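Read through the structure below, which is laid out as structure tokens, and then see the notes.
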Amino acid sequence: MSRLTAAALAAGLLASVPLFAADTPKAADKAEKPGVNPESLPTNQAINHYIAAGWETAGIKKAAAPCTDAEFLRRACLDLLGRIATVEEVLDFEQDKGRDKRQRLIRRLLHGVPQTKDGKPVLDKEGKPVAGVYTPKVDGKPVKGSDGKEVSFDYPNEFAEHWANMWTVWLMSRTGHPVYRGQMQAWLWQQFYDNRPHHEVVRDLITATGSTNRNGAANFVVAHLGDPVPQELQREYGIHDAVPITSRVTRLFLGLQTQCTQCHDHPFNKEWVQSDFWGVNAFFRQTKRSATPSPRNMQNNNNMMLQDKIELTDDPGLNSAAKVQFEQRNGSPASVRPVFLKDYKQAMDGVKSDKKLSAVEGAKTRRQALADYLIAHDNFAPAFVNRVWGHLFGRGLNKEPGVDDFGSNNEVVHPELMARLATDFKRYNYDTKMLFEAICTSDVYGLSHVASKGYEDAKFDAFFARMPLKAMSPEVLFESLTLATKSAPSDKNERANLRDQWMNKLVRNFGDDEGNEGTFNGTVVQALLMMNGRELNKEVTRAGGVVEEAMKKHIKGGAINVNGVLDELFLTALNRHATAAELAALKDVQDGTIAAGRDDKKDEPKKPTDPKKPATKPEPKKPDAKPTGTVIMGTGPADKKFYQDVFWALLNTTEFMLNH
């Protein structure tokens, strides 16, 4: 079978049957009745309550059904671990019949399982259980891999790796030199693995000093200090203009887009004016770095050496007058002292900020004072909550889908829910995993992506009556492909190099004068690159690869169990069993009794003009009748190329490339 034929198979045969097997679990518990005090509910149940109230406001009478268990497992793995599930995990989860299996899955992916010794949990020096690896079981027995060893998963490590990847992109973009990105990623991994509170991580990022190769957090400020100030003015105004770092800090950690107020008052959110931007900017004017970061495309040669370690320091001798000049839109000059952004509520009420540098107590650097004001800001917790919610649901809780654009022109659709999640996040000392657990164990997170009839329109998206479809990020698509094809190098450096090669192919970057990037990584581009990628073809057809393993696994007495092999490929790529209709269609392909591109409507019963009369049956085909369209030649049950083409087609379906 040709790749063209396999593409037709993916687009036609597999798409002609229901997307998922019909093993939908029982409907989720109904939302709490009116009159229940949501403040008395656990966080995950409070989410159900507030979202259900939103449905009522929007006139949504019926939300989507719960998703299948297979879909839930795949979704949770993609969201929390940055990869699809494995066959072993699918079968293990499938055999769990407990009512709380989904809740236990989420906790397992976040926290791992307790490590034990002599039947007792192992505790760390703080008295907390030490996470051990999880070994999936089928029929009560640990699953073994092709090498004969038990399969196990270190979920806390995978969670840390995924979120280190995510935050490296948000903090450093994808365009920076891989050396600095690697330094940042290593530092972030440790923070997420230790589950450090979010506010402590942010404080370290803002106040970091020292060498970037020793303190990876320093890379954030180093990368975005901006253009140099003219040398003759550096003593008075600082060495760098600090424009990029100013807008990144407010956007990443407060959800406030202040970049356009660099040049003028905000055109849409009238509460933010030009002096707000430069007041925050002044906190960075005593910061300096020992060298300019090397560009991504720099070659390490005699003319230009890689700056693999850059010192970040604060010099109180710079900008000692604590004033920053800027040009107003009318061309007249103005100046401002270090003043941090007013609280969000103050901004809505038209109150001016009193968060001045002079009000800071104790001997602190300007960046340390900035960190204090940042963490104490009333939108600090809501901004992180909205970012996490947006990651899990594909859009934030505001009217517009973006997660980092709070303002008077983009009101929060679910203000009570936002307030509750932010309050609980602070109450639990900014524990990131507790926030994830609360959201992912809610009924809302477990809804199907298929909307109830009448509520498919995008105008209902902000009310979360279904799970929106989400495109995989390039990083997640890479991890999922290498997992599905079992092609990931065991060596960490080789894996990183392979990922960089993948990023170069999949991501198109467009920089601006603030160091931001626009990435174009839609599913159309992903699909085209995958379908034409030599690397994918190579892995699909690799000797000893997934297809050969599946064929060996499902052979008995010299005969191959065709349905067993096909089901194994579906489990590997789509994390679900093949449906009876799909197996039948593929059997027809294998037997050579079907053709791609034919008009199947010709074979349908004719609709009667009189509804009381039965439909007329189609005339039987003559034995020698030739099928119309492109004929797919039949193959035998042991034809490896047939299974390779099926696997390749599955990897190119939207079902594989979308997080649903």
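The values are calculated or read from the model by the stated rules, or taken from the named source; none is laboratory data. Small disclaimer: the values here were computed from a predicted structure and weren't measured. Methodologically, a virtual Cβ is constructed for each residue, glycine included, from the backbone with ideal geometry; neighbour enumeration extends over all protein chains shown. Accessible surface is based on the protein model in full, side chains and every heavy atom, while ligands, DNA and RNA are left aside. Shrake-Rupley method; radii C 1.70, N 1.55, O 1.52, S 1.80 Å.
Table for the structure above
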{"quantity": "Those residues of the range 582-594 which are out of contact with any helix residue (DSSP H, G or I) (no Cβ under 8 Å at 6 or more places or on another chain) and either closer than 20 Å to D69 by Cα or in a loop (DSSP other than H, G, I, E, B) (or both), in sequence order", "calculated": "G592, T593"}
{"quantity": "A282, sole failed condition from (1) touching a helix residue (DSSP H, G or I) at 6+ places or on another chain (Cβ under 6 Å); (2) at pLDDT 90 or above", "calculated": "(1)"}
{"quantity": "Members of the range 67-80 that are open to solvent by less than 10 Å² (accessible area, probe 1.4 Å) and of a type in the set (A, V, I, L, M, F, W, C)", "calculated": "C67, F72, L73, A76, C77, L78, L80"}
{"quantity": "Checklist (1) surrounded by fewer than 21 Cβ atoms within 10 Å (Cβ to Cβ); (2) closer than 23 Å to D79 by Cα applied to E456, failing item", "calculated": "(2)"}
{"quantity": "Hits in the range 224-240 (condition: closer than 14 Å to N319 by Cβ, open to solvent by less than 90 Å² (accessible area, probe 1.4 Å) and in contact (Cβ under 8 Å) with a residue 40 or more places away in the chain)", "calculated": "L225, Q234, Y237, G238, I239, H240"}
{"quantity": "Residue pairs meeting the criteria (Cβ under 8 Å; at least 6 apart or on separate chains; first aromatic (F, W, Y), in the range 249-275; second open to solvent by 10 Å² or more (accessible area, probe 1.4 Å) and modelled with pLDDT under 80)", "calculated": "W272/D265; W272/H266"}
{"quantity": "Candidate set from the range 331-355 (those that are closer than 18 Å to Q286 by Cβ and out of contact with any Phe, Trp or Tyr (no Cβ under 8 Å at 6 or more places or on another chain)); member that is surrounded by the fewest Cβ atoms within 10 Å (Cβ to Cβ)", "calculated": "R337"}
{"quantity": "Top-ranked residue of the range 245-273 - restricted to ones that are assigned to a helix (DSSP H, G or I) and open to solvent by 10 Å² or more (accessible area, probe 1.4 Å), ranked as modelled with the lowest pLDDT", "calculated": "Q262"}
{"quantity": "Pair list, Cβ under 9 Å, 6 or more apart: the range 568-585 residue under 14 Å from E549 (Cβ atoms), other residue modelled with pLDDT under 95 and basic (K, R)", "calculated": "E568/K553; T572/K486"}
{"quantity": "Candidate set: the range 50-66, residues that are touching a Lys or Arg at 6+ places or on another chain (Cβ under 9 Å) and in a helix (DSSP H, G or I); chosen: the one most open to solvent (accessible area, probe 1.4 Å)", "calculated": "W55"}
{"quantity": "Residues (in contact (Cβ under 8 Å) with a residue 24 or more places away in the chain, closer than 15 Å to A462 by Cβ and not in a loop (DSSP other than H, G, I, E, B)) located in the range 413-431", "calculated": "E416, L417, M418"}
{"quantity": "Those residues of the range 482-493 which are farther than 20 Å from N537 by Cβ and open to solvent by 90 Å² or more (accessible area, probe 1.4 Å), in sequence order", "calculated": "S490, K492, N493"}
{"quantity": "Options R214, R235, R181: the member that is of a type in the set (D, E, K, R) and within 27 Å of S473 (Cα to Cα)", "calculated": "R181"}
{"quantity": "Extreme residue, farthest from D431 (Cα to Cα), among residues of the range 201-223 that are open to solvent by 40 Å² or more (accessible area, probe 1.4 Å) and within 24 Å of the chain's Cα centre (by Cα)", "calculated": "A223"}
{"quantity": "Among residues of the range 396-409, those that are at pLDDT 95 or above and open to solvent by 20 Å² or more (accessible area, probe 1.4 Å), counted", "calculated": "0"}
{"quantity": "Selection from the range 451-499 of residues that are modelled with pLDDT of 85 or more, of a type in the set (A, V, I, L, M) and either farther than 21 Å from L81 by Cβ or not in a helix (DSSP H, G or I) (or both)", "calculated": "A451, A458, A462, A465, M467, L469, A471, M472"}
{"quantity": "Residue check for V403: assigned to a loop (DSSP other than H, G, I, E, B), farther than 24 Å from T57 by Cα and among the β-branched types (V, I, T)", "calculated": "no"}
